[in-house]
Amino acid sequence: MAHLRVDFFADSLALSTSMTVLLPQRTRSQIGMTGTVDDAAGGPPVLYLLHGLSDDDTIWLRRTSIERYVAELGWAVVMPQVHRSFYTDEQLGQAFWTFVSQELPEIVGSMFRVSQRREDTFVAGLSMGGYGAVKLALRQPERFAAAASLSGVLDLATRLGTPTPADTAMFTRIFGPAGVPTGDDDLVDLVRRCDPSTLPALWACCGTEDFLAGQNRTFERAAREAGIPLEVQWSPGEHEWGYWDRTVQDALRFFAAVRGGAVAG
C-alpha cells in the first residue's frame, strides 16, 4: 500500500492540519503481503479510522498492523487529526465536527480516487474515536455502510470518576459550562431518537476489564431498547493496544461481510 502523511489547510478549523492516508496498490512481487485494489465501482472503498484522546493521525500505523490487515481488502484508509476534541464543534474552540463530517470527505474526494458511494464508506475508531465513529453513523446514516466502535466512550454524559482540573477544562471547552454533551452529542440520547430503518450496520467491542465497559453496556442496552441492531463483541481485555490490534481485524471482517451482503445495514 501507499502511505501518505498529508498536511493541508482546513477552512472549517481555520488552520493547517494533517491526515495519514493508506491507498491500495496492486502488487505482484511483494514478499509476505498481498497487494490488491478493490475498484469495481470506480474507486476503492474507504475507511475513516479515528484516533483516541491522547493520540494523533499517525497512531493506528504506529501501534497496529492496520496496513497489513487492509492490504488484502484493497481499501483506502483515512486517519484524520482532531486533537482532544471528541469530534465535536467546540463551544470555546474549533469546529471539529464540521471538519470531520463535512469538509474532510470533500477534501478526500478531491485529492484521492476513492468511492463516494454509501455502500463503500465505513467508519471506525477507538475510545474517543469510537464516540466519533458512532456519532457519525447516527447523525449521518446516509454516508456509511457500517460503523464500528472499539472500546468507545459511548456514554460520555454520565462518565464515571472524579475529573481532573485538566479534564474539567477540556470538557468545558468542548461542551460548554455544564461540561457534558447534550442533544445530538449525547450518544445514548441520540440512539434512542434514531430511525432504525435508516442506520448503517453497527458493531462494537469492549474488553470485560476495560474501565469503559459500563458505558458500552449502557449504550448496548439503549440500542436494544430502541430496536436498533447492534452487534456487540465482549471478550477479555483492557484499554490497550494489544486488544485493539486484535479487534480491529474483527471490525474489518464485519465491514467486509456488510459489503458482501452477509450483514444488512
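Of all residues in segment 122-156, exactly one satisfies the criterion of being surrounded by fewer than 24 Cβ atoms within 10 Å (Cβ to Cβ), at negative phi and of a type in the set (S, T, N, Q), namely Q140. Applying the criterion of at least 3 residues that are more than 28 Å from L190 (Cα to Cα) and aliphatic (A, V, I, L, M) to the helices (runs of 4 or more DSSP H) found wholly in segment 39-147 leaves 66-71.
Checking G237 against (1) in a strand (DSSP E or B); (2) crowded, with 19+ Cβ neighbours inside 10 Å, which single condition isn't satisfied? All conditions are met except number (1). Only one of the listed residues (R253, R217, R224) is among the charged types (D, E, K, R) and under 27 Å from D120 (Cβ atoms). That residue is R253.
Of everything in segment 160-187 that is among the hydrophobic types (A, V, I, L, M, F, W, C) and surrounded by 13 or more Cβ atoms within 10 Å (Cβ to Cβ), the residue that is nearest to R217 (Cα to Cα) is L187. For segment 168-188, which residues satisfy the criterion of being at pLDDT below 95, hydrophobic (A, V, I, L, M, F, W, C) and touching a helix residue (DSSP H, G or I) at 6+ places or on another chain (Cβ under 6 Å)? Passing the criteria: only V180. Scan segment 193-205 for residues that are without any contact (Cβ under 8 Å) to a residue 60 or more places away in the chain, closer than 15 Å to F254 by Cβ and either loosely packed, with under 13 Cβ neighbours inside 10 Å or not aromatic (F, W, Y) (or both) and the total you get is 1.
Number of residues in segment 84-102 that are surrounded by fewer than 18 Cβ atoms within 10 Å (Cβ to Cβ), touching a residue at least 12 places away in the same chain (Cβ under 8 Å) and either within 14 Å of A14 (Cβ to Cβ) or of a type in the set (A, V, I, L, M, F, W, C) (or both): the value is 3.
Candidates T172, T162: the one that is in contact (Cβ under 8 Å) with a residue 40 or more places away in the chain and hydroxyl-bearing (S, T, Y) is T172. Scanning segment 7-38 for residues that are in a strand (DSSP E or B), crowded, with 16+ Cβ neighbours inside 10 Å and not polar (S, T, N, Q) yields A10, M19, V21, L22, L23. Taking the conditions (1) farther than 14 Å from W203 by Cβ; (2) out of contact with any Phe, Trp or Tyr (no Cβ under 7 Å at 6 or more places or on another chain); (3) of a type outside the set (S, T, Y); (4) in contact (Cβ under 8 Å) with a residue 40 or more places away in the chain in turn, L138 satisfies each one other than (1).
Counting only residues that are under 17 Å from A201 (Cβ atoms) and not charged (D, E, K, R), segment 227-248 holds 8 of them.
The values are calculated or read from the model by the stated rules, or taken from the named source; none is laboratory data. Computed from a predicted structure; not experimentally measured. In this analysis, Cβ positions are derived from the backbone assuming ideal geometry, glycine residues included, and neighbour counts consider all displayed protein chains.
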